[in-house]
Amino acid sequence: MPTYNAHLPITPLRLTAPVVLAIAAVLAGCASAPATAPFAYSVPAQPEGSSGYTEKPGWATEKFAVAAANPLATDAGYQILKAGGSAVDAAIAVQMVLTLVEPQSSGIGGGAFLLHSSGKAVQAYDGRETAPAAADEKLFLGADGKPIPLIDGVVGGRSVGVPGIVRMLELAHKEHGKLPWATLFQPAITLAEGGFKVSARLHTLVKADAHLKKDPVAAAYFYKPDGDARDVGFNLRNAELAAVLRRIATEGSKALHEGEIAQAIVDKVQKHPTNPGKLSMADLASYQPKKREALCHDYQVQTKDFRVCGFPPPSSGAIAIGQILGILKNTDAAAKPLQDGLPSADWLHLYTEAARLAFADRAKYVADPDFVQPPGGSWTSLLAPAYLAERAKLIGAQSLKVAQPGNPGAVKISYAPMPDQPEYGTSHISIVDAYGNAVAMTTTIEDAFGARQMVKGFLLNNELTDFSFAPTDAQGQPIANRVQPGKRPRSSMAPTLVFDKTTGELLMSGGSPGGAAIIHYTAKTLYGVFNWGLMPQQAINLPNFGSMNGPTLLEEKRFPPATVEALRARGAEVREQAMTSGLQAITRGNAHGKKLWMGGADPRREGVVMGD
């Protein structure tokens, strides 16, 4: 395969000096062999990450690579891979460190979707949270029968779903782990006991949050006695989390889902003074992760055939991305290259119209597949080439503004579209190991700092607010993604693995945080790499954009005024705003006749890529 589709008629790639140096180092054979001695975690230097925009060079490695949202987390995964661990082993170590150093985004109190490739098969591990058995569709309705304000649902016990990530990772480790389970917790335990330096990003988010300090436990941990956020560089220790991780390392997921720790979670939820929830000990004990069939579809760029694999429902990410890419193929988007390094107004018009059509279908159809039927009897009906070709015909010179859902199946589904609700939070991890395995895992506690409830050193999720607060529309038609006991809320998380369809070779592991905008961030990176021939770092660096079937959203201060005005002239309502993605991507390419892994991390966050 030519490096990053260099065969396409586009501007030649420009490698930054650090990438050229990285490639040269790899070619010089700097990689060292995996250690054979027992794993011993070494605490790295702790750089202070930025909460703004910091240019990243891109990375090149030969044997393995790990990309995560915080340098300490990336380093933990790197040390596990260097010790001979698998991609799943490294993902576990990364996640446990993220629980400590990036608590606003993910942790053992939340859930995740993990996509795994062994080189022969792709597996989808569902660790999504579930609604408690006592929850029903009235969970987020007030005394007047109307949906309560979003933030009233988020903060407290009401929004807490049954956490699933530890049980899911345990299952994946049983099937794909190489190092002992307990070994993978060493980095997080060491850092929790010894402390880590508060980063600029964590400080900024703690300082800006209006609800975190309402929880006395969180207030004592994240804030100084005078009520201000812990200073950047402050060495923050978390002995309680270290103790919990030691127990999970020794006892497995049972330590979190049964006994003392589980009781502490339940008490925190049920005894919240103003907004109690319904989570029970039985809910925690009975939680089971699920193995689902990965949702894969073909994607062709000129003469090159790709196989794009993502996560099926309850995630909407893979379907929406597949629809956007498939609809764009039925337009002249391919004839619109980057202009001065940026997407043109003409291309953005086509993209945002395709996005409106995809989000219209998402709002009507996508929910937990154990509770709703897919249109046409299969989720692939939403990706059928003939259906997407029909949808593409709705795109004209002027914006649709708000698109209507289509009818992809012969049998119509009688669900009402879900009203728009904000989604937040999340972190993404991409890993390739030395054995031919790859992981793309997107992990979350939903909103920043979740439900703002801290228990034994970790935060609880507010995942239930990903359900529709309204169970029906005004006519009483049920909404597919309404609250039901034991149900998993719809997600936008989009861990993605891309393969060469002809040879089966892995070409990319990628994904992003960002709520519903995850779909756009990930689609942008896929399009940039495979259609515009960009290096992963270049694709990640591109300005963000999208539409959730409403206004056209553009990352503020990243597009020229002429682009904004051209979109408005087509009838779109354009909003320029912060669009803080957290993209991580690792792609496969050639340099000087040698196969290399090329890594990219989002300049909008603290992430880095490491590997040998």
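Any idea which of SER42, SER32, SER118, SER50 is modelled with pLDDT of 95 or more and among the hydroxyl-bearing types (Ser, Thr, Tyr)? Quick ask: steps written out before the conclusion?
On the way: SER42 fails: modelled with pLDDT of 95 or more; SER32 fails: modelled with pLDDT of 95 or more; SER50 fails: modelled with pLDDT of 95 or more.
The match here is SER118.
Looking only at the range 165-186, decide whether some residue is buried (at least 24 other Cβ atoms within 10 Å of the Cβ), assigned to a loop (DSSP other than H, G, I, E, B) and not hydrophobic (A, V, I, L, M, F, W, C).
Within the range 165-186, none of the residues are buried (at least 24 other Cβ atoms within 10 Å of the Cβ), assigned to a loop (DSSP other than H, G, I, E, B) and not hydrophobic (A, V, I, L, M, F, W, C).
Any residue in the range 278-300 that is on the phi < 0 side of the Ramachandran plot sitting within a Cβ distance under 6 Å of a residue that is assigned to a loop (DSSP other than H, G, I, E, B) and of a type in the set (Val, Ile, Thr)? List the pairs, counting only those 6 or more apart or interchain.
LEU279/VAL160
Regarding the range 502-509, can at least one residue be identified that is in contact (Cβ under 8 Å) with a residue 24 or more places away in the chain and closer than 18 Å to ASP602 by Cα?
There is at least one residue in the range 502-509 that is in contact (Cβ under 8 Å) with a residue 24 or more places away in the chain and closer than 18 Å to ASP602 by Cα.
Condition first: out of contact with any Phe, Trp or Tyr (no Cβ under 6 Å at 6 or more places or on another chain), among the aliphatic types (A, V, I, L, M), within 17 Å of VAL608 (Cα to Cα) and surrounded by fewer than 24 Cβ atoms within 10 Å (Cβ to Cβ). Can you find one or more residues in the range 61-79 that meet it?
no
What number of residues in the range 128-154 are assigned to a loop (DSSP other than H, G, I, E, B) and closer than 17 Å to THR444 by Cβ?
If we filter the range 128-154 for residues that are assigned to a loop (DSSP other than H, G, I, E, B), which is where we start, we get 128-129, 131-140, 142-146, 148-149.
Going one step further and asking which of them are closer than 17 Å to THR444 by Cβ, we end up with 128-129, 131.
Of the residues in the range 128-154, 3 are assigned to a loop (DSSP other than H, G, I, E, B) and closer than 17 Å to THR444 by Cβ.
Of everything in the range 362-419, what is charged (D, E, K, R), closer than 26 Å to TYR299 by Cα and either in contact with a helix residue (DSSP H, G or I) (Cβ under 9 Å, 6 or more places away or on another chain) or surrounded by fewer than 21 Cβ atoms within 10 Å (Cβ to Cβ) (or both)? Give them in sequence order.
Step one: filter the range 362-419 for residues charged (D, E, K, R), giving 362, 364, 368, 370, 390-391, 393, 401, 412.
Subset that is closer than 26 Å to TYR299 by Cα: 362, 364, 368, 390-391, 393.
Within the range 362-419, ARG362, LYS364, GLU390, ARG391, LYS393 qualify.
Would you mind stating whether GLU573 is in contact with a Pro (Cβ under 8 Å, 6 or more places away or on another chain), over 28 Å from LYS56 (Cα atoms), modelled with pLDDT of 95 or more and not basic (Lys, Arg)?
Working: in contact with a Pro (Cβ under 8 Å, 6 or more places away or on another chain): yes; over 28 Å from LYS56 (Cα atoms): yes; modelled with pLDDT of 95 or more: yes; not basic (Lys, Arg): yes.
Yes: the conditions hold for GLU573.
Go through the range 240-306 and tell me which helices (runs of 4 or more DSSP H), entirely inside it, have 2 or more residues that are surrounded by fewer than 19 Cβ atoms within 10 Å (Cβ to Cβ) and among the charged types (D, E, K, R).
Working: elements: 254-257, 259-270, 281-286.
Once the helices (runs of 4 or more DSSP H) in the range 240-306 are filtered for at least 2 residues that are surrounded by fewer than 19 Cβ atoms within 10 Å (Cβ to Cβ) and among the charged types (D, E, K, R), what remains is 259-270.
Taking the options ASP144, ASP126, name whichever one is of a type in the set (Asp, Glu), buried (at least 22 other Cβ atoms within 10 Å of the Cβ) and either in contact with a Ser or Thr (Cβ under 9 Å, 6 or more places away or on another chain) or farther than 30 Å from PHE222 by Cα (or both).
Details: ASP144 fails: buried (at least 22 other Cβ atoms within 10 Å of the Cβ).
None of the other options fit; the residue is ASP126.
Report whether or not GLY396 is under 19 Å from the mean Cα position of the chain (by Cα) and part of a loop (DSSP other than H, G, I, E, B).
no
Just to be sure, is LEU342 over 16 Å from ALA572 (Cβ atoms), surrounded by fewer than 21 Cβ atoms within 10 Å (Cβ to Cβ), within 25 Å of the chain's Cα centre (by Cα) and modelled with pLDDT of 95 or more?
On the way: over 16 Å from ALA572 (Cβ atoms): yes; surrounded by fewer than 21 Cβ atoms within 10 Å (Cβ to Cβ): yes; within 25 Å of the chain's Cα centre (by Cα): yes; modelled with pLDDT of 95 or more: yes.
Yes, satisfied.
Which is more than 20 Å from ARG575 (Cα to Cα) and of a type in the set (A, V, I, L, M, F, W, C), of ALA392, ALA403? Quick ask: steps written out before the conclusion?
Working: ALA403 fails: more than 20 Å from ARG575 (Cα to Cα).
Selected residue: ALA392, the only one of ALA392, ALA403 that is more than 20 Å from ARG575 (Cα to Cα) and of a type in the set (A, V, I, L, M, F, W, C).
Looking at the range 88-103, can you tell me whether even one residue there is surrounded by fewer than 23 Cβ atoms within 10 Å (Cβ to Cβ), in contact with a Phe, Trp or Tyr (Cβ under 6 Å, 6 or more places away or on another chain) and either at pLDDT 95 or above or not aromatic (Phe, Trp, Tyr) (or both)?
No, the range 88-103 contains no residue that is surrounded by fewer than 23 Cβ atoms within 10 Å (Cβ to Cβ), in contact with a Phe, Trp or Tyr (Cβ under 6 Å, 6 or more places away or on another chain) and either at pLDDT 95 or above or not aromatic (Phe, Trp, Tyr) (or both).
Name the residue that is surrounded by the fewest Cβ atoms within 10 Å (Cβ to Cβ), counting only residues in the range 471-495 that are assigned to a loop (DSSP other than H, G, I, E, B) and among the hydrophobic types (A, V, I, L, M, F, W, C). It would help to see each step written out before you state the result.
Step one: of the range 471-495, the residues assigned to a loop (DSSP other than H, G, I, E, B) are 471, 473-477, 480-481, 483-490, 492-495.
Filter once more, so that each one left must be among the hydrophobic types (A, V, I, L, M, F, W, C): 474, 480, 483, 493-494.
Details: ALA474: 7, ALA480: 23, VAL483: 23, MET493: 30, ALA494: 30.
Filtering first and then ranking leaves ALA474.
In the range 496-543, how many residues are aliphatic (A, V, I, L, M), under 24 Å from VAL366 (Cα atoms) and assigned to a helix (DSSP H, G or I)? Before the answer, list the steps.
First, the residues of the range 496-543 that are aliphatic (A, V, I, L, M): 497-498, 506-508, 516-519, 523, 526, 529, 534-535, 539-540, 542.
Okay, now just the ones that are also under 24 Å from VAL366 (Cα atoms), so 497-498, 516-519, 523, 526.
Add one more test, that the residue is assigned to a helix (DSSP H, G or I), and what stays is 516-519, 523, 526.
Going through the range 496-543 one residue at a time, the tally reaches 6.
Every residue in the range 78-100 that is farther than 28 Å from LEU284 by Cα and in a helix (DSSP H, G or I), please. Walk me through it before giving the result.
As a first pass, look at the range 78-100 and keep what is farther than 28 Å from LEU284 by Cα: 78-86.
If the condition is that a residue be farther than 28 Å from LEU284 by Cα and in a helix (DSSP H, G or I), then TYR78, GLN79, ILE80, LEU81, LYS82 are the ones that fit.
Have a look at PRO103, PRO57 and point out the one that is more than 27 Å from PHE449 (Cβ to Cβ) and in a loop (DSSP other than H, G, I, E, B). Let's see the steps before the verdict.
Numbers: PRO103 fails: more than 27 Å from PHE449 (Cβ to Cβ).
None of the other options fit; the residue is PRO57.
The values are calculated or read from the model by the stated rules, or taken from the named source; none is laboratory data. Owing to the predicted nature of the structure, the values given are computational and were not obtained by experimental measurement. Methodologically, a virtual Cβ is constructed for each residue, glycine included, from the backbone with ideal geometry; neighbour enumeration extends over all protein chains shown.
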